[in-house]
Amino acid sequence: MDADFSHNPKYLTIMKQLLEDNDFVIGSRYAKGGRCDYGLVRTLISRTANMLARYLLGIPTHEATTSYRGFSVDLLRQMALNTIWSDGYSFFMESIFVVRLATRKLAEFPIHFEDRRAGTSKISKREIIKAIYNIARLFYRRLFVIPFVVYDPNRPIEKDQACENCNSLFHMEMFPAKYAENEDASIYQCTSSGHRTHGRILKCLHCGLVFNETRHDAKKLLDFYSNVEDPTYLKNIDSRFKTFRYNFAKIKPRLPASGKLLDIGSYCGISLKVAHENGYETLGVEPSKWAAGYSEEVMQERVFQGVLRDLPAEEGPFDVITMWDVMEHLPHPVEEMKRIHSRLKPGGVFAFSTLFIDNWYPKIMKERWPWYMDMHLFYFTLDAMNQLLTKAGLQLVHHQKYTHVITLEYFFFKLDALGVFGAKFLGDAIGKTSLRNFMIPFSFGDIQLFICKRLDNL
Ligand SMILES: [Zn+2]
């Protein structure tokens, strides 16, 4: 609808009612009872255009050029919108023409089209000529029965894009997709520098959850993670240890003092080792065969190679479950949270870190925020996180910034991966000095640490 109040919102209830039995509904100036505040010349042009549409194109409604319209979602999902040739003013007519080919369930209701309360008309002479040409073009196709693509069989049904949190189908595109030229498991490595390639970044209009429209199903993703090998990760093992020790110290006061701890996505086992040092009986779950092997052979930590779903029930229940930088990789975080709930002892604690978009850094970086990448499927807000956890019977008790401790050399390596000019040169120079192992704590707040308790009466 036009937002300048030419289309009075009071008609929306009528539209909603009509949509129950129709696939397409239009507010009509020229149906019986309709009115229009145009002057003489504009009325004449508009009337003529609509008459031509009605008689030459076989459009059954008296109105074809105003945009006060309602569509059934099923119709919109399957319509081949990309084959509509015209844009601007002509689009309104051509889209009804296509709707008419797709369905017989069209309806109109009379409206009083008021003078706009603000703004000016954008319909130029060029638009009028284009509209006439477009009517002629469509009439020609109709006359000679030239087939018209109405449904697009390849258009994906957008059911999978329903918001993970609130199931809403309505979202806005924050950033368009940027696909990698060659895609293999390497972009799913922990240290992947595949920054800046991702699917469409979408924001749920209902709850604000931000998600990456991945082209891969859950099975394919798990396949990627199972085959990941990532020796670069081990190059910075000291800073990995420092990072886990730093963050474990943050969560420790809120954990049971001892007991069974499960770490999901334990990767090379460093987080397990740190939990072990803190006096817990540890077990890891890790899909990557390479990382799980490393954990057992080098770190001497027990790891179940696979995913939580397949972990035998005899393992557990657990006093503590941790999950570091994993939540954003999961295709269905709520399902995993529910599994975590079922594996925790009553009153058990679940602590995890994940990407957080309610923060100044992603806001100022916009599309250049480095965490928009293929393997990250979700970017959480505090509201959405609270709602997701509640659905799984978990209660958020605390959250704060997550801190990465990194070496100066790694810092420049990352900057270089982000395309910062001169970073490689400086990194190489520092790499030759003892400064390379200088540790810096890093926390912008765009990664947050969440601590939750299991609620027992779900
Ligand atoms: Zn939502």
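Read the figures in this text as sums done on the coordinates, not as results from a lab. Computed from a predicted model, the values in this text were never measured in an experiment. We place every Cβ from the backbone using ideal geometry, glycine too, and count neighbours over all the protein chains shown.
With a ≥ b ≥ c taken as the square roots of the eigenvalues of the C-alpha gyration tensor of the chain, please select rounded if a/c is under 1.5 and otherwise prolate if a/b is larger than b/c or oblate if it is not? It is prolate, given that a/c is not under 1.5 and a/b is the larger ratio.
May I ask for the net charge around Ala64, where only other residues with Cβ less than 12 Å from the Cβ of Ala64 are counted and Lys, Arg are +1 while Asp, Glu are -1?
Working: positive: Arg29, Arg47, Arg54, Arg69, Arg100; negative: Glu63, Glu94, Glu108.
Local net charge: +2.
Seen against the Cα atoms of the chain and their longest principal axis, helix 237-251 is set at about 80 degrees.
Label separation (Phe148 vs Trp360): 5.5 nm, computed from points 7 Å beyond Cα along the C-beta direction.
Taking trypsin sites (Lys or Arg not before Pro) across region 412-453, the ones in a DSSP loop with at most 13 further Cβ atoms lying within 10 angstrom of their Cβ are Lys432.
Let me know the shape class of region 217-313, please: from the alpha-carbon gyration tensor, a ≥ b ≥ c as square roots of the eigenvalues, rounded when a/c is under 1.5, otherwise prolate if a/b is greater than b/c, or oblate.
Values: a/c = 1.93, a/b = 1.34, b/c = 1.44.
Oblate is the answer for region 217-313, as a/c is 1.5 or above yet b/c matches or exceeds a/b.
The long axis of helix 408-417 is offset from the longest Cα principal axis of the chain by roughly 20 degrees.
Only helical DSSP H runs with n ≥ 4 go in: add -39500 (n - 2.57) per run for the chain, normalise by residue count and round the 222 nm mean residue ellipticity to 500 deg cm²/dmol.
Working: 15 runs with 157 residues, N = 458.
It comes out at -10000 deg cm²/dmol, rounded to the nearest 500.
For a test of the definition: using alpha carbon positions, the gyration tensor, and the 1.5 limit on a/c, classify region 9-143 as rounded, prolate or oblate. Oblate is the answer for region 9-143, as a/c is 1.5 or above yet b/c matches or exceeds a/b.
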